[in-house]
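The values are calculated or read from the model by the stated rules, or taken from the named source; none is laboratory data. In this text, all values refer to a predicted model and were calculated from it rather than measured experimentally. For neighbour counting, all protein chains shown are included, and Cβ atoms are generated from backbone atoms with ideal geometry for every residue, glycine included.
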Amino acid sequence: MSAILLSGKEASSALLEGLKPEVAKLDPKLVVVQVGEDPASSSYIKQKFKACETVGMRSEHKHLPEDTSFEDLMSIIDNLNNDDDVTGFIVQLPLPKHLTDKEPEVNRAIDPKKDVDGFGAYNLGKMFLSKDYEDLPPATPSGIIALLEYYKIPVEGKHIVIVGRSNIVGKPIAVMLINRSATVTVCNSRTKDLAKITKQADILICAVGKAHFITKDMVKDGVVVIDVGVNRTDDGLKGDVDFKSIEPIASAITPVPGGVGPMTVTSLIRNCVRAKERQINN
């Protein structure tokens, strides 16, 4: 029996449809700051603006030259922080090489009330308290939670194994799942006998950035697989999971592309709506 396909396109369409009335009422505005011409970034930004159009949200693209200085970028961030018409904004990562080591400072400079990417320490810290304080959580982990909820896949009491410990995906999704009473194991590149651990997973989340890293012999029958990886290969986009071999034995699995990616974009839009609600209430 084949696995249920966890379509992020289907789930995101439903979630965006539900956001339309809120967008019409609140009139939020999202700004995306891009430095340089990274092709992957340009593709992701296009998807974000398409989602904005879908829900009727105002948006703006501040596209800066590759050689933009750190001082100029910080000045733009300061202006956006102080612009009352801007609900939320993101600085698209990765930044050009001369700014890469400044990324922590860039994230820190964004006003927490407008941090719709959820990368700042304030919003991450609130997330640690409980799910009731997940006001502006990181978009990809939030999208994973929303995808599981859409397909009514319970996490309470489940053993969830996460392969990858990044600040963007691995660490925050672990916290959000703990907030929902899951038993969570986080693995990394130095984990010994990785397959022994991944085979215990009721739900396996993989975010390592290596095509087909997880193979059939590393999972148990009936596992739910969430593949966060998007790897560009000669054969097109591939996930971290060997979809072809695992799909027949899994109970549910995300495709790549079309799985977690659309949910990340939708979560960003939802965060912008939440940010506007909080700004009005405060």
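Descriptive notes on the structure:
- When Val273, Val241 are checked against the criterion of being of a type in the set (A, V, I, L, M) and touching a helix residue (DSSP H, G or I) at 6+ places or on another chain (Cβ under 7 Å), a single residue qualifies: Val273.
- Candidates Lys152, Lys158, Lys131 - the one that is among the charged types (D, E, K, R), surrounded by fewer than 17 Cβ atoms within 10 Å (Cβ to Cβ), in contact with a helix residue (DSSP H, G or I) (Cβ under 9 Å, 6 or more places away or on another chain) and not assigned by TED's automatic domain parsing to the domain that holds Gln92: Lys131
- Restricting attention to segment 233-277, the residues that are within 29 Å of Met57 (Cβ to Cβ), of a type in the set (Lys, Arg) and either modelled with pLDDT under 95 or part of a loop (DSSP other than H, G, I, E, B) (or both) add up to 0.
- Restricting attention to segment 223-251 and to residues that are touching a residue at least 60 places away in the same chain (Cβ under 8 Å), out of contact with any Lys or Arg (no Cβ under 9 Å at 6 or more places or on another chain) and surrounded by fewer than 20 Cβ atoms within 10 Å (Cβ to Cβ), the residue that is farthest from Val155 (Cα to Cα) turns out to be Glu247.
- One residue from Ser41, Ser69 being touching a residue at least 40 places away in the same chain (Cβ under 8 Å) and of a type in the set (Ser, Thr, Tyr): Ser41
- Only a single criterion out of (1) in contact with a helix residue (DSSP H, G or I) (Cβ under 6 Å, 6 or more places away or on another chain); (2) over 19 Å from Ala3 (Cβ atoms); (3) not basic (Lys, Arg) is not satisfied by Gly209, namely (1).
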